[in-house]
Amino acid sequence: MLKVLIVDDDSEFADISSQILEFIGHDTYIANSVADAKQWLSVETFDHIFLDFMLPDGSGLHVIEHANQLDKKPRITLITGHPLIKSIIADLSIPDIGYITKPVERADFEAVLSQNKSAKKTTVTKTKQQEFSQHFDCLIGESPAMQSLYKMIEQVAKTNANVMLMGESGVGKEVVAQAIHNASNLDKPLVATNCGALSKDLIGSELFGHEKGAFTGAVASKKGVFEQANDSTLFLDEVTEMPIDMQPNLLRVLENKTVVPLGSTKQVKVNCRVISATNRSIEDIASNNILREDIYFRLAVFPIEIPQLRQRKDDIPLLVNYFLMQMNQESQQNISINQQQLDKLQSYDWPGNVRELRHVIHRAFIMADTDSQEIVLPERLHSPFSTQKNTTLSHGLTAGQTIEDVEKELIKVTLEEVDGNKTLAAEMLGISTKTLYNRLNAYEN
Amino acid sequence: MQQQQSITKLVHDARAPLNQISMQAELIKMMVEQNAPLDKIQQTAAKIIQNCQKCSEELSKISEQARK
């Protein structure tokens, strides 16, 4: 069902048109003047306007001009009483305007509005896509936290300094790396590798390459990621997960800008910006000997802290609508979200950041109500990584408490979290249900 | 020239009730298809008759004008 506005000073025509349109299942409104039309447009959102060109208080062009300034622009069809007028108006070449001539038959209305429906699927998504300004072609968000991130990206992109991206899991470190690469205007693509996913035996080969026969299974020579990223950007994700004994090799590349592939004696010059990423804090890196100090300073010439989603909750509606636009496009649907659901999403702390938000929206999209065409969120947003739970516990802890007291508190908090479900609580605590019952009985005694 | 302009205006005036007749007939077809109340159908049919009379009057005016 479309919401249609008929603007015509011929009230009899407007009335019959309205009845015909209602019979074919549309919601119609009537305006007899430019002023009436503007009034309706200020209080209702229309999918389509059937518009007379000559109106008592102005021209249909005034209505077109007004409608084009609206957030959701309706499609417009001009209705003329004479075929000659139709051709004169058509000569005006007003973009995106259709024309029909009186008398208008049911088939004419249906033809015009079916174009409207099919166009709705493509043009609305196109318009929506245009609504999302993607910074550096990949980042979404207009919050102050993101604005300062954009400023840093812009500044560092002008240099070839190595960048270390820090931030919680799911904040979008790889996307920020891509943004820096995009802002650097390099011709070659970004090369990415995950240091945490490589086995100790393979990491040298992955980073620096190898010659044929360098080790068992090296049936051909292979370029390492440093060489692949020559004159471009190399993204080393989870760099802090690199075994500490492999780190001196990395330091050598960063200092000398040369690599020696495994099994080779030849030095290969490499020229690339290294963007590394970690979800560990600087304190953790420094105090737990996770990354050698010399490597840290080589990699983190320009450290960037990526904001957590809970620090930029204003961006949640923008992100949600962007995800929905992508999902709608992929599945040719028109699922939306209401304000109440957005409020709910904004009140949650998102320990898993944008990745968790996307996951929740994807699930809610799959569960969407086909009647209302709206997503269906779970009754309660919850993640085992939620900081709300951690806060409760850490606040409850005091130095000198007995282990038994802490354990008791932990069980209590866990049971509260799962609404008293002992099986689930035992599973979360990593103990058997029997052990949980034994503990609870002991506390009662 | 003036004669032609007058006739053009009269034709325009005759076209208006003719357009209404066409659309009202369309509406009656739809009403019948969807079992609309009989009185609504009768009201619409009455409007067709009114518009036919209007149209007839306008055509008479054209005829008079053409004789001048």
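For the range B:3-23, state whether one or more residues are over 25 Å from A:T101 (Cα atoms) and more than 9 Å from every other protein chain (Cβ to nearest Cβ).
yes
Which residue out of B:I7, B:I28, B:I49 is among the hydrophobic types (A, V, I, L, M, F, W, C) and over 26 Å from A:Q19 (Cα atoms)?
From the options B:I7, B:I28, B:I49, the qualifying one is B:I7.
Against the condition under 28 Å from A:I140 (Cβ atoms) and out of contact with any His (no Cβ under 7 Å at 6 or more places or on another chain), how does A:V239 come out, does it pass?
yes
Residues being at the interface with chain B (Cβ under 10 Å from one of its Cβ atoms) and buried (at least 22 other Cβ atoms within 10 Å of the Cβ): count how many of those fall in the range A:1-19.
3
Does any residue of the range A:179-202 turn out to be assigned to a helix (DSSP H, G or I) and in contact with a Cys (Cβ under 6 Å, 6 or more places away or on another chain)?
yes
As an exercise: evaluate A:I16 against (1) among the hydrophobic types (A, V, I, L, M, F, W, C); (2) without any contact (Cβ under 8 Å) to a residue 12 or more places away in the chain; (3) under 20 Å from A:A67 (Cα atoms) and give the number of the one condition it does not meet.
Just one mismatch for A:I16, condition (3).
Picking from A:T28, A:T45, which residue would you name as being touching a residue at least 24 places away in the same chain (Cβ under 8 Å), on the phi < 0 side of the Ramachandran plot and not in a loop (DSSP other than H, G, I, E, B)?
None of the others qualify; the one that does is A:T28.
Could you go through the range A:197-211 and let me know if any residue there is touching a His at 6+ places or on another chain (Cβ under 9 Å), on the phi < 0 side of the Ramachandran plot and surrounded by fewer than 18 Cβ atoms within 10 Å (Cβ to Cβ).
The answer is no, given that none of the residues of the range A:197-211 is touching a His at 6+ places or on another chain (Cβ under 9 Å), on the phi < 0 side of the Ramachandran plot and surrounded by fewer than 18 Cβ atoms within 10 Å (Cβ to Cβ).
Could you check the range A:273-289 and list, in sequence order, the residues that are in contact with an Asp or Glu (Cβ under 7 Å, 6 or more places away or on another chain) and in a loop (DSSP other than H, G, I, E, B)?
A:N279
Of all residues being aliphatic (A, V, I, L, M), surrounded by 20 or more Cβ atoms within 10 Å (Cβ to Cβ) and not in a strand (DSSP E or B) in the range A:232-249, which is farthest from the chain's Cα centre (by Cα)? Just the residue, please.
Checking each candidate, the answer is A:M242.
Any idea which of B:K68, B:K61 is farther than 30 Å from A:F23 by Cα, out of contact with any strand residue (DSSP E or B) (no Cβ under 6 Å at 6 or more places or on another chain), surrounded by fewer than 11 Cβ atoms within 10 Å (Cβ to Cβ) and in contact (Cβ under 8 Å) with a residue 24 or more places away in the chain?
It is B:K68.
Going by the conditions given, is B:T44 within 13 Å of chain A (Cβ to nearest Cβ), surrounded by fewer than 16 Cβ atoms within 10 Å (Cβ to Cβ), closer than 23 Å to A:K102 by Cα and of a type in the set (V, I, T)?
no
Do any helices (runs of 4 or more DSSP H) entirely within the range A:315-394 hold 2 or more residues that are among the polar types (S, T, N, Q) and either modelled with pLDDT of 90 or more or not assigned by TED's automatic domain parsing to the domain that holds A:I411 (or both), and if so, which?
A:316-331, A:339-346
When only residues in the range A:286-295 that are in contact with a helix residue (DSSP H, G or I) (Cβ under 6 Å, 6 or more places away or on another chain) and hydrophobic (A, V, I, L, M, F, W, C) count, which is surrounded by the most Cβ atoms within 10 Å (Cβ to Cβ)?
Looking at the filtered set, the residue picked out is A:L291.
Can you pull out every residue in the range A:154-196 that is surrounded by fewer than 20 Cβ atoms within 10 Å (Cβ to Cβ) and over 22 Å from A:T240 (Cα atoms)?
Within the range A:154-196, A:E154, A:Q155, A:K158, A:T159, A:N182, A:A183, A:S184, A:N185, A:L186, A:D187, A:K188, A:P189 meet the criteria.
Looking only at residues that are buried (at least 20 other Cβ atoms within 10 Å of the Cβ) and not polar (S, T, N, Q) in the range A:257-284, which one is nearest to A:M166 (Cα to Cα)?
A:A277
The values are calculated or read from the model by the stated rules, or taken from the named source; none is laboratory data. Keep in mind that what you see is a predicted model, and the values were worked out from it rather than measured. All Cβ positions, glycine included, derive from the backbone under ideal geometry; neighbour counts span all protein chains shown.
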